[in-house]
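The values are calculated or read from the model by the stated rules, or taken from the named source; none is laboratory data. Model, not experiment: these values are computed from the prediction. Virtual Cβ from ideal backbone geometry, glycine too; neighbours counted across all protein chains shown. When the accessible area is computed, the model is the full protein with side chains, heavy atoms only, and any ligands, DNA or RNA have been set aside. Shrake-Rupley method; radii C 1.70, N 1.55, O 1.52, S 1.80 Å.
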Amino acid sequence: EVNPHLAHNTRGTIEEARRLWKALDRPNVFIKVPATLEGLESIRQLTSEGINVNVTLLFGLPRYRMVAEAYIAGLEERAARGEPLESVSSVASFFLSRIDVLLDPMLEQIMEQGGARAEIAGRLRGQVAIACAKIAYQIYHELFQNERFGRLEAKGARTQRVLWASTSTKNPLYSDIKYVEALIGPETVNTLPLETLNAYRDHGDPAPRLEEDVELSQEVLSSLAKLNIDIDKATRQLEDEGVEKFNKPYDSLMQTLRNKRSAS
């Protein structure tokens, strides 16, 4: 993980990622880089250097498209220099449950007001995060199943797989496998906390559902505007909050390590 304090520092992120990549010296390592605007150039540059990137703190669909484009551009630069592509991997990590945690209270306030808007809000409550994921997967197909990426694939390039993160259910009224069951599809990754993994072992029903109800997912996202909820603004807020949430545990960890070293 690149120091999250560098989330808005492109050059610092690149230098830190290079340092970590060299120090670890393992081909299966992924360096975590936040999906901030400043992180986009880092993703392109690191990919071009053959450094595996886990793009983290990703919430919004417009930003996801930019992240995938940065990865593809990095591969194209690498290919133009005649360097191998088959060893380069990347994932784009969407943080899902936090979207519903932010938007559900807004929707519940509208529901309490009654009327037509309340009916719309009731249909959207608890549905936005999964809708975002399903549309993201459609964007994934669009960007990695076309002629442009096909040229890279012919040289050994791998797609940047979509990864579902923040998959534990925060609302006890929802299924404890809500962010697993609906999001199973080829070429994706789902990172589960142990409690969620055990729940899925117990009562999961695996089936490829990620491309089901895509039109309904698009309707969910477009209906937010009818309620004056700006999904892009909401995901930008989550990004800003997420950087800060990464800073605190990182600083705590570094302080713990310093204390351990000084005591030894």
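Think of the chain as having a plus end and a minus end, set by charges on the Cβ of Lys, Arg, Asp and Glu; of ALA133, SER217, ASN54, ASN54 sits farthest toward the positive end of this dipole. Taking the accessible area of region 24-145, probe 1.4 Å, and keeping the other protein chains in place, the carbon and sulfur fraction comes to 52%. Computed over region 1-94, the Cα gyration tensor eigenvalues convert (square root of 5λ each) into semi-axes of 18, 16, 11 Å, ordered from largest to smallest. Specify the inter-centroid distance of region 173-220 and region 38-87, based on alpha-carbon positions, in whole Å. Region 173-220 and region 38-87 have Cα centres separated by 27 Å. Taking a ≥ b ≥ c as the square roots of the eigenvalues of the Cα gyration tensor, region 205-264 is oblate, since a/c reaches 1.5 or more and a/b is not larger than b/c. The helix-only estimate of mean residue ellipticity at 222 nm for the chain, built from DSSP H runs of length n ≥ 4 each weighted as -39500 (n - 2.57), is -19500 deg cm²/dmol after division by the residue total. Under the rule a/c < 1.5 gives rounded, and otherwise a/b versus b/c splits prolate from oblate, where does region 58-176 land using the Cα gyration tensor? Verdict is prolate for region 58-176. In a DSSP loop and with at most 16 other Cβ atoms within 10 Å, the trypsin sites (Lys or Arg not before Pro) in region 200-232 are ARG209.
Calculate the FRET efficiency for ILE139 and ASN228 from the Cβ-Cβ distance with a Förster distance of 35 Å, rounded to the nearest 0.05.
0.90
Against the chain, whose longest principal axis is taken from its Cα atoms, helix 194-203 shows a tilt of about 50°. Think of each Lys and Arg Cβ as +1 and each Asp and Glu Cβ as -1; about the Cα centre, that makes the dipole of region 42-106 roughly 120 debye.
Can you give the net charge of the other residues whose Cβ lies under 11 Å from the Cβ of LYS245, counting K and R as +1 and D and E as -1? Don't jump to the answer; show the numbers that get you there.
Numbers: positive: ARG98, LYS248; negative: GLU239, ASP240, GLU241, GLU244.
Result for the neighbourhood of LYS245: -2.
Seen from THR47, the other residues with C-beta closer than 12 Å to its C-beta sum to a net charge of -3, counting Lys and Arg as +1 and Asp and Glu as -1. Rounded to the nearest 20, the size of the Cβ-charge dipole of the chain about its Cα centre is 900 debye, with Lys and Arg at +1 and Asp and Glu at -1. Using the alpha-carbon atoms, what tilt in degrees (0 to 90, nearest 10) does helix 10-24 show relative to the longest principal axis of the chain? Orientation of helix 10-24: about 70 degrees from the principal axis.
The count of lysine pairs in the chain that are at least 8 places apart or cross chains, and whose C-alpha atoms lie under 25 Å apart, stands at 22.
Please give the per residue accessible area of region 89-233, computed with a probe of 1.4 Å over protein heavy atoms only, in Å². Working shown, then result.
Values: 7270 Å² over 145 residues.
With all protein chains present, region 89-233 gives 50 Å² per residue.
For the chain, the longest principal axis of the C-alpha atoms and the axis of helix 37-48 are separated by about 50°. Rounded to 0.05, the FRET efficiency of the GLN113 and GLU244 pair, given R0 = 35 Å and the Cβ-Cβ distance, is 0.65.
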